[in-house]
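Notes follow once the structure below has been shown.
The values are calculated or read from the model by the stated rules, or taken from the named source; none is laboratory data. Since the model is a prediction, treat every value here as computed from it, not as a measurement. Backbone-built Cβ (ideal geometry, glycine too); neighbour counts: all protein chains shown. When the accessible area is computed, the model is the full protein with side chains, heavy atoms only, and any ligands, DNA or RNA have been set aside. Shrake-Rupley method; radii C 1.70, N 1.55, O 1.52, S 1.80 Å.
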Amino acid sequence: MQEMDADDSVIKYDSEPFKIEYEFEGRKRFYVPDFLVYYVVDFNVDPKGYRKELQEIGPKTLKATHPRNIAKRKAAEEWCKDLGYIYRSISFQ
């Protein structure tokens with residue numbers, strides 16, 4: 001969050017903003033992304049003047065290989081595509 005606070009292009013951000021429904025092992029489940037970040041963009045690029053980016057933060061090895069996390073990521077990517085958001089997974093060691 002310190003990085004977002006220091007970034008002048010960040011208008012605002014919400015922590016754990018909502019739930020995204022997904023299916024895993026035949027059951028309906030809900031995934032709560034870490035952040036929804038609003039970035040300033042040029043009005044010539046987007047008439048709203050901002051873009052929304054859904055961010056998920058976590059350990060690289062767990063995020064890339066665990067089947068449940070893969071299902072969450074796919075659901076989030078589809079959700080973002082449908083709404084015109086950007087999905088970004090931020091990994092650390």
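Here are some notes:
- Filter pass, residue 24 being closer than 18 Å to residue 89 by Cβ, more than 18 Å from the chain's Cα centre (by Cα) and modelled with pLDDT of 85 or more: yes
- Scoring residue 13 on the criteria (1) under 15 Å from the mean Cα position of the chain (by Cα); (2) at pLDDT below 90 leaves a single failure, condition (2).
- Of all the residues in region 7-32, those that are in contact with a strand residue (DSSP E or B) (Cβ under 8 Å, 6 or more places away or on another chain) and part of a strand (DSSP E or B) number 14.
- Of the residues making up region 4-26, those that are open to solvent by 100 Å² or more (accessible area, probe 1.4 Å) and within 26 Å of residue 74 (Cβ to Cβ) are 16, 19, 21, 23, 25.
- Every residue from region 49-93 that is of a type outside the set (Phe, Trp, Tyr) and in contact with a Cys (Cβ under 6 Å, 6 or more places away or on another chain): 54
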